[in-house]
Amino acid sequence: MFEKINQAKQMAEGIKAKLETISVSGTSGGVSIISNGNRKITEVTIPDALLSLENKEELQGHLTVAINRA
C-alpha cells in the first residue's frame with residue numbers, strides 16, 4: 001500500500017515538473033500576462049501609456065482580462 005502511495009506521489013511530482021515547462025499567455029489592450037502550467041504568473045507587461053492615474057481603471061480592467069485569458 002505504501003508503495004502505491006509513493007508511486008502516486010512521484011507521478012504527481014513529475015506532472016508538476018512538466019507543467020512548469022508549459023507557458024500560456026493572455027493579452028488585453030496591450031497588457032500581456034504569461035503564466036506556467038501550474039498557473040504561476042511569470043511575466044507581466046504593461047504599456048507605458050497605461051501607467052498613469054487617469055488610466056488606472058482601464059489598466060485594472062485589462063489586467064483582469066489578461067490574467068483570466070492566461
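The values are calculated or read from the model by the stated rules, or taken from the named source; none is laboratory data. Keep in mind it's a predicted model, so treat the numbers as computed, not measured. Note that we place each Cβ from the backbone using ideal geometry, even for glycine, and neighbour counts take in every protein chain shown. All accessible areas refer to the heavy atoms of the entire protein, side chains included, with ligands and DNA or RNA removed. Shrake-Rupley method; radii C 1.70, N 1.55, O 1.52, S 1.80 Å.
One residue stands out among those in segment 3-38 that are part of a loop (DSSP other than H, G, I, E, B) and in contact with a strand residue (DSSP E or B) (Cβ under 9 Å, 6 or more places away or on another chain): the one that is least open to solvent (accessible area, probe 1.4 Å), which is Gly37.
Rundown of residues vs (1) of a type in the set (A, V, I, L, M); (2) within 12 Å of the chain's Cα centre (by Cα); (3) farther than 26 Å from Ile15 by Cβ, yes/no style:
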| position | (1), (2), (3) |
| --- | --- |
| Gly30 | no, no, yes |
| Asn38 | no, yes, no |
| Glu43 | no, yes, no |
| Ile46 | yes, no, yes |
| Ala49 | yes, no, yes |
| Leu53 | yes, no, yes |
| Lys56 | no, no, yes |
| Leu59 | yes, no, yes |
| Ala70 | yes, yes, no |
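Close Cβ contacts (under 8 Å, 6 or more residues apart or on different chains) running from residues in segment 33-46 that are without any contact (Cβ under 8 Å) to a residue 12 or more places away in the chain to residues that are hydroxyl-bearing (Ser, Thr, Tyr) comprise Glu43/Ser32.
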